[in-house]
1. Pairs please, first residue from the stretch 1-29 and over 18 Å from Lys129 (Cβ atoms), second anywhere and among the aromatic types (Phe, Trp, Tyr) and assigned to a helix (DSSP H, G or I), Cβ atoms under 8 Å, 6+ apart in sequence or on different chains.
2. Which helices (runs of 4 or more DSSP H) sit wholly inside the stretch 58-150 and have at least 1 residues that are at pLDDT 90 or above and surrounded by fewer than 18 Cβ atoms within 10 Å (Cβ to Cβ)?
3. Need pairs with beta-carbon distance below 8 Å; first residue without any contact (Cβ under 8 Å) to a residue 24 or more places away in the chain and within the stretch 35-55, second charged (D, E, K, R) and surrounded by 17 or more Cβ atoms within 10 Å (Cβ to Cβ); sequence gap 6+ or separate chains.
4. Could you list all residues from the stretch 10-26 that are over 12 Å from the mean Cα position of the chain (by Cα), part of a helix (DSSP H, G or I) and loosely packed, with under 13 Cβ neighbours inside 10 Å?
5. How many residues, within the stretch 35-52, are of a type outside the set (Gly, Ala, Ser), out of contact with any helix residue (DSSP H, G or I) (no Cβ under 7 Å at 6 or more places or on another chain) and surrounded by 15 or more Cβ atoms within 10 Å (Cβ to Cβ)?
Amino acid sequence: MIILEPSAGIKKDTELNYDIISNLLTTILEFNHKRKINLVAKIHKSRTVGVSYCSHVDNRNFLINLDMSKKNRRYIFGSILHEVRHCIQKEVFKFWPSAAQMKTWRDYWYSKEEIDARKMETLTTQFIKSYDAYLKMTEMFKEKKLYKVC
């Protein structure tokens, strides 16, 4: 299971339901990788303006520093998907990007890790639609009082 643990500041600023995002990511990634994925990613605000990045803490624990300079949903979801892909690279494919070894911005931009993570960002629009549909379905479930027997 993929568990995203946002800080209080991230929750407040993004106003997103991270349980739903975690569930969607778990469903999509476990289904397509055909294996269980267990990782925990704490999400904090990035202190570097314009830069989101992910750090491997230990075992299956990661720290995502999310850039909050652009507060639109598409940018935030895309950044989360990008950084979670780096976690998947470590967890599933057993490699970790080494930005320290890259001498230039060009080396970084064209590294296989970054190209792969940017591909994950292409799912952003569909992921947002799924997230919104999940919220709508939850709302309808409550409206129709399906959580109890009539």
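The values are calculated or read from the model by the stated rules, or taken from the named source; none is laboratory data. It should be emphasised that the depicted structure is a prediction, and the values quoted were computed from it without experimental measurement. In this analysis, Cβ positions are derived from the backbone assuming ideal geometry, glycine residues included, and neighbour counts consider all displayed protein chains.
1. Leu4/Tyr18; Glu5/Tyr18; Pro6/Tyr18; Lys11/Tyr18
2. It comes to 73-91, 112-121, 124-143.
3. Within 8 Å, the pairs are Ser46/Asp67; Thr48/Asp67; Val49/Asp67; Gly50/Asp67; Val51/Asp67.
4. Lys12
5. 2
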